[in-house]
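The values are calculated or read from the model by the stated rules, or taken from the named source; none is laboratory data. Model, not experiment: these values are computed from the prediction. Cβ atoms come from the backbone with ideal geometry, glycine included; neighbour counts cover every protein chain shown. Ligands, DNA and RNA are stripped out before the accessible areas are found, and what is left, the full protein with its side chains, is counted by its heavy atoms. Shrake-Rupley method; radii C 1.70, N 1.55, O 1.52, S 1.80 Å.
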Amino acid sequence: MSGRLLAKSALLLSVVTGFTAVAQDQGRNDNQPAVSATASKETTESRRFVPRNLRVLFITAKGCEKCDLELKRLRQPDGEFESMQARGWKIGETPDNHIQIVDRADVPEFAELLKGRELPKVICIENGEVLRYFKHGCTTPLDAWTFGWLIKGQDERPKPAPPEENEVETTGHYPLRGNHWSVDGDFDPSHAKVVAHLRNEFHGPQLLAEWKIDEWSVEELRSLHDDLHERFGGGVISAGFGQPAQHTGVGRFGAGRKF
């Protein structure tokens, strides 16, 4: 009898111990699953969508008809995006893409610069700083070569593209282009801001005496600013209407960066 009683006691102790262990495990699991799942998800997401420091933002907005039409054109079969993706470009809505298609509401850091501006906006950023941008209606087409310039700061277009219709003000003093360098991080600088920037210690000595830049349109000023950067650096110079571009040497105004 004592042997059986001893065996029963041992069995009971084993069962109780087992329940206690399970309860302790359950207690740990009850406290941790949400945290663990979140951490796991965040780790997975960060692994999947590591932001590119250098990328192009194609900024749109809900209800923007021009944004929809432009994306439709770029996405059409055998269109610009398809040919670029075939060459290795990543294009999508996440920050790990070379071209990130993003809603204006998701880039609050540019809210002030986007206020009252026409969309879509196409800008190149590096570490959150705007380096270059594209302006519609300045005779330059938004195509694979333009996206390449935005990323690299170098015009690799093999031959001049047929100019698109000009939709901006011009005085005829300077040829227009749609590929622009930012002005102190501003991708839509005003006339006064560009004039002041062109007369600073860097660009002032590069201006010709006969240029009365106060009388030029803002897009002419922006185009001059772009050419000055590329003329005095490792980019290309616009050789004039219909002429092939000339490659220049590397200097402190290198086209691969903004001083």
Notebook entry, point to check: Are any residues in segment 132-151 part of a loop (DSSP other than H, G, I, E, B) and more than 17 Å from Ser223 (Cα to Cα), and if so, which ones?
Noted result: Asp143
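Only residues that are touching a residue at least 24 places away in the same chain (Cβ under 8 Å) and within 21 Å of Glu93 (Cβ to Cβ): list them for segment 118-131, please. Don't jump to the end; show me each part of the working.
Let us first name the residues in segment 118-131 that are touching a residue at least 24 places away in the same chain (Cβ under 8 Å), namely 118-127, 129-131.
Selection gives Leu119, Pro120, Lys121, Val122, Ile123, Cys124, Ile125, Glu126, Asn127, Val130.
Can you say whether Arg73 is at pLDDT 80 or above and touching a Gly at 6+ places or on another chain (Cβ under 7 Å), as far as the supplied structure shows?
Here the answer is yes, as Arg73 does meet what is asked.
Filter segment 246-257 for residues that are surrounded by fewer than 19 Cβ atoms within 10 Å (Cβ to Cβ) and part of a loop (DSSP other than H, G, I, E, B); which is modelled with the highest pLDDT?
Applying the filter and picking the extreme gives Arg257.
Of the residues that make up segment 121-131, is at least one surrounded by 15 or more Cβ atoms within 10 Å (Cβ to Cβ) and assigned to a loop (DSSP other than H, G, I, E, B)? Walk me through how you get there before you give the answer.
Quick first cut of segment 121-131, residues surrounded by 15 or more Cβ atoms within 10 Å (Cβ to Cβ) only: 121-126, 130-131.
Imposing the further condition that a residue be assigned to a loop (DSSP other than H, G, I, E, B) reduces the set to none.
Checked against the condition, which is being surrounded by 15 or more Cβ atoms within 10 Å (Cβ to Cβ) and assigned to a loop (DSSP other than H, G, I, E, B), segment 121-131 yields no hits at all.
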Next item on the list: State which residue is least open to solvent (accessible area, probe 1.4 Å) when the search covers only segment 99-120 and only residues that are in a helix (DSSP H, G or I) and aliphatic (A, V, I, L, M).
Entry: Leu114
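Table: residues versus (1) at pLDDT 90 or above; (2) not charged (D, E, K, R).
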residue: Val130; (1), (2): yes, yes
residue: Thr139; (1), (2): yes, yes
residue: Asp143; (1), (2): yes, no
residue: Trp149; (1), (2): yes, yes
residue: Lys152; (1), (2): yes, no
residue: Pro162; (1), (2): no, yes
residue: Tyr174; (1), (2): yes, yes
residue: Asp184; (1), (2): no, no
residue: Phe187; (1), (2): no, yes
Margin query: Can you list residue pairs whose Cβ atoms sit under 8 Å apart, with the first residue in segment 202-224 being touching a residue at least 60 places away in the same chain (Cβ under 8 Å) and open to solvent by 10 Å² or more (accessible area, probe 1.4 Å) and the second being part of a helix (DSSP H, G or I) and of a type outside the set (Phe, Trp, Tyr)? Count only pairs 6 or more apart in sequence or on different chains.
Written below: Arg222/Val194
Margin query: Just checking, does segment 86-96 include any residue being assigned to a helix (DSSP H, G or I), surrounded by 13 or more Cβ atoms within 10 Å (Cβ to Cβ), out of contact with any strand residue (DSSP E or B) (no Cβ under 9 Å at 6 or more places or on another chain) and on the phi < 0 side of the Ramachandran plot?
Written below: no
Next item on the list: Scan segment 181-203 and give yes if some residue there is over 25 Å from Leu119 (Cα atoms) and aliphatic (A, V, I, L, M), otherwise no.
Entry: yes
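Considering segment 60-88 alone, what residues qualify as being touching a residue at least 60 places away in the same chain (Cβ under 8 Å) and in contact with a Pro (Cβ under 6 Å, 6 or more places away or on another chain)? Can you show your working first?
Taking segment 60-88 first, the residues touching a residue at least 60 places away in the same chain (Cβ under 8 Å) are 60, 70, 74, 80, 83-84.
Of everything in segment 60-88, those that are touching a residue at least 60 places away in the same chain (Cβ under 8 Å) and in contact with a Pro (Cβ under 6 Å, 6 or more places away or on another chain) turn out to be Thr60, Glu70.
Output the residues belonging to segment 52-67 that are under 18 Å from Phe147 (Cα atoms) and either out of contact with any strand residue (DSSP E or B) (no Cβ under 8 Å at 6 or more places or on another chain) or open to solvent by 40 Å² or more (accessible area, probe 1.4 Å) (or both). So that I can check it myself, show each step before the final result.
Step one: list which residues in segment 52-67 are under 18 Å from Phe147 (Cα atoms), which gives 52-60, 67.
Scanning segment 52-67 gives Arg52, Asn53, Leu54.
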